[in-house]
Amino acid sequence: MMTNGGFLVTKIKQLGDRIFEKVLAEKGIDAFNGAQGRILYVLWQQDGVPIKTVSDACGLAITSLTTMLERMERQGLIRRESDNQDRRKTLLFLTDQAKALRADYDAVSAQMGALYYQGFTEDEIRRFEEDLQRIQRNLEERLKS
């Protein structure tokens, strides 16, 4: 069976990223970009986590993430500290400035969600998200092997 789901997912991600940046600009939000927003989102869920945790949650290679984290640190969004239990680990913490940006991020996220699911019923949204989670699990399992 011929499928093009992977192509469509990639295209949707590219379009979504472009629109996310456009919405940030329309709202006058310049404290973070879309990629930094994903990192902040992870830290808003749990602050003070190792870089590896953020890497896994965002799907970013640690090498890519390192450059972004350096920039975010210079912008005053995060701070890095050595883990007291394991000095080899670096933990990431949000600054007060970053914590204050949560409402801005949530507003943009809500606008994006409304756009993504325009015309969907609640049942369609639930089933679609279940399917996406299934695809994510398939890909994560493949990455482990």
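Rule-based calculations on the coordinates, nothing more; no lab input. Because the structure is a prediction, the values reported are computed rather than measured. Neighbour counts are summed over all protein chains in view; Cβ atoms, including those assigned to glycine, are modelled from backbone coordinates with ideal geometry.
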Residue match in the range 101-111 (condition: under 13 Å from residue 41 (Cβ atoms), part of a helix (DSSP H, G or I) and of a type in the set (S, T, N, Q)): yes
Of the criteria (1) of a type outside the set (S, T, N, Q); (2) farther than 16 Å from residue 20 by Cβ; (3) touching a Phe, Trp or Tyr at 6+ places or on another chain (Cβ under 6 Å), which one residue 34 fails: (2)
Which numbered condition residue 7 fails, given (1) assigned to a helix (DSSP H, G or I); (2) surrounded by 16 or more Cβ atoms within 10 Å (Cβ to Cβ): (2)
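In this structure, does residue 38 turn out to be touching a helix residue (DSSP H, G or I) at 6+ places or on another chain (Cβ under 7 Å), among the basic types (Lys, Arg), under 26 Å from residue 10 (Cα atoms) and surrounded by 13 or more Cβ atoms within 10 Å (Cβ to Cβ)?
Details: touching a helix residue (DSSP H, G or I) at 6+ places or on another chain (Cβ under 7 Å): yes; among the basic types (Lys, Arg): yes; under 26 Å from residue 10 (Cα atoms): yes; surrounded by 13 or more Cβ atoms within 10 Å (Cβ to Cβ): yes.
In short, yes.
Residues of the range 10-33 being in a loop (DSSP other than H, G, I, E, B), small (Gly, Ala, Ser) and more than 16 Å from the chain's Cα centre (by Cα), which ones? Explain how you work it out, then say what you get.
Filtering the range 10-33 down to residues in a loop (DSSP other than H, G, I, E, B) leaves 27-33.
Filter once more, so that each one left must be small (Gly, Ala, Ser): 28, 31.
If the condition is that a residue be in a loop (DSSP other than H, G, I, E, B), small (Gly, Ala, Ser) and more than 16 Å from the chain's Cα centre (by Cα), then 28 is the only one that fits.
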Long-range neighbours under 6 Å by Cβ, at least six apart or interchain, first residue touching a residue at least 12 places away in the same chain (Cβ under 8 Å) and part of a loop (DSSP other than H, G, I, E, B) within the range 68-80, second hydrophobic (A, V, I, L, M, F, W, C) and surrounded by 14 or more Cβ atoms within 10 Å (Cβ to Cβ): 77/98
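Considering each of 115, 69, 94 in turn, give the residue that is under 21 Å from residue 14 (Cβ atoms) and either surrounded by 12 or more Cβ atoms within 10 Å (Cβ to Cβ) or aromatic (Phe, Trp, Tyr) (or both).
Numbers: 69 fails: under 21 Å from residue 14 (Cβ atoms); 94 fails: under 21 Å from residue 14 (Cβ atoms).
Only one candidate passes the filter, namely 115.
Under the condition of being assigned to a loop (DSSP other than H, G, I, E, B) and polar (S, T, N, Q), which residue from the range 118-145 is surrounded by the fewest Cβ atoms within 10 Å (Cβ to Cβ)? Show your work before the answer.
Start the filter on the range 118-145 by keeping residues that are assigned to a loop (DSSP other than H, G, I, E, B), which leaves 118-121, 145.
Still in the running and polar (S, T, N, Q): 118, 121, 145.
Numbers: 118: 7, 121: 9, 145: 4.
It comes out as 145.
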Any chance residue 52 is surrounded by fewer than 13 Cβ atoms within 10 Å (Cβ to Cβ), under 25 Å from residue 136 (Cα atoms), among the charged types (D, E, K, R) and touching a helix residue (DSSP H, G or I) at 6+ places or on another chain (Cβ under 9 Å): yes
Given (1) exposed (fewer than 12 other Cβ atoms within 10 Å of the Cβ); (2) part of a strand (DSSP E or B), index of the condition residue 86 fails: (2)
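Name the residue that is nearest to residue 58 (Cα to Cα), counting only residues in the range 10-34 that are in contact (Cβ under 8 Å) with a residue 12 or more places away in the chain and β-branched (Val, Ile, Thr). If you could, list the steps in order and put the result at the bottom.
To start, the set of residues in the range 10-34 that are in contact (Cβ under 8 Å) with a residue 12 or more places away in the chain comprises 16-17, 19-21, 23-24, 27, 29, 31-34.
Checking the rest, the ones that are also β-branched (Val, Ile, Thr) come to 19, 23, 29.
On the way: 19: 19, 23: 21, 29: 21 Å.
Per the criteria, the residue is 19.
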Some residue of the range 72-81 being among the polar types (S, T, N, Q), more than 16 Å from residue 35 (Cα to Cα) and surrounded by 12 or more Cβ atoms within 10 Å (Cβ to Cβ): no
